[in-house]
Amino acid sequence: MQRIVRMVADNPKITSKDLQEHLAADGVSVHRSTTQRNLHKEHLYGRVMRKKHSHHKQSRLLYTKTHLDKPQSFGNKVLWTDETKMELFRHNKKRFAWRKKNTAFQVKHLLPTGKFGGGSIMLWGCVASSGTEALVKVEGRINSTQNQPNLRDNVQESVRVEVTQGLDIPTRQ
């Protein structure tokens, strides 16, 4: 069993079938469900890998550290904006990794992402503590100057909606 755990620690993306084949190559006959059961006893479970861009890791960490001591009500004043690229014709297959609880964002358990061309659309949206707000299809690149007025208008409209719902979001004119 320790050998299976060591193999998973070295390569969390290994499948139970691959584990079975590695053991069979060394003359050990074991069923896939047995390997899974032994990994579960060690609190290792097959989980969908999280997709994370590595280039924003430092800024996310800095933001988290600076806002760590803020009260829960601080989140009610935040309007989050983000964009995402949706693939229209590609199969976005889920990838799995063996991991323990609360280890989803360790580097070896993350699925690196990248930008590809063709067959996709860019969407931009707002999220507040009360729920979702604007969702806009973005033409071209998100940082292009032609989209800035469009994005600015949608943020302002989302802030207006949040303020009319009684949320205390600071605004600047």
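The values are calculated or read from the model by the stated rules, or taken from the named source; none is laboratory data. Just so we're clear, the structure is a prediction, and the values are computed from it rather than from any experiment. Cβ atoms come from the backbone with ideal geometry, glycine included; neighbour counts cover every protein chain shown.
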### Message
If Thr15 meets every condition in (1) assigned by TED's automatic domain parsing to the domain that holds Ser130; (2) hydroxyl-bearing (Ser, Thr, Tyr); (3) at pLDDT 90 or above apart from one, which number is that one?
### Response
(1)
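Residues are listed down the side, and each one gets a yes or a no for (1) assigned to a helix (DSSP H, G or I); (2) modelled with pLDDT under 70; (3) in the same structural domain as Ser16 (by TED's automatic domain parsing); (4) surrounded by 10 or more Cβ atoms within 10 Å (Cβ to Cβ):
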site: Phe89; (1), (2), (3), (4): no, yes, no, no
site: Asn102; (1), (2), (3), (4): no, no, no, no
site: Lys108; (1), (2), (3), (4): yes, no, no, yes
site: Leu123; (1), (2), (3), (4): no, no, no, yes
site: Pro149; (1), (2), (3), (4): yes, no, no, no
site: Val159; (1), (2), (3), (4): yes, no, no, yes
## Note on the structure
Picked from the stretch 12-53 (must be among the acidic types (Asp, Glu) and in a loop (DSSP other than H, G, I, E, B)), the residue farthest from Thr84 (Cα to Cα) is Asp26
### Task
Considering only the stretch 125-147, state which residues are modelled with pLDDT under 75 and either outside the structural domain of Glu87 (by TED's automatic domain parsing) or hydrophobic (A, V, I, L, M, F, W, C) (or both).
Ile142
### Task
Could you please let me know if Phe116 is modelled with pLDDT under 80 and part of a loop (DSSP other than H, G, I, E, B)?
yes
### Query
Residues Asp69, Asp82: which one is exposed (fewer than 12 other Cβ atoms within 10 Å of the Cβ), of a type in the set (Asp, Glu) and farther than 30 Å from Val136 by Cβ?
Asp69
### Task
Take Ser73 and decide whether it is within 18 Å of Met7 (Cα to Cα) and hydroxyl-bearing (Ser, Thr, Tyr).
no
### Task
Scan the stretch 54-75 for residues that are in a loop (DSSP other than H, G, I, E, B) and not aliphatic (A, V, I, L, M) and jot them down.
His67, Asp69, Lys70, Pro71
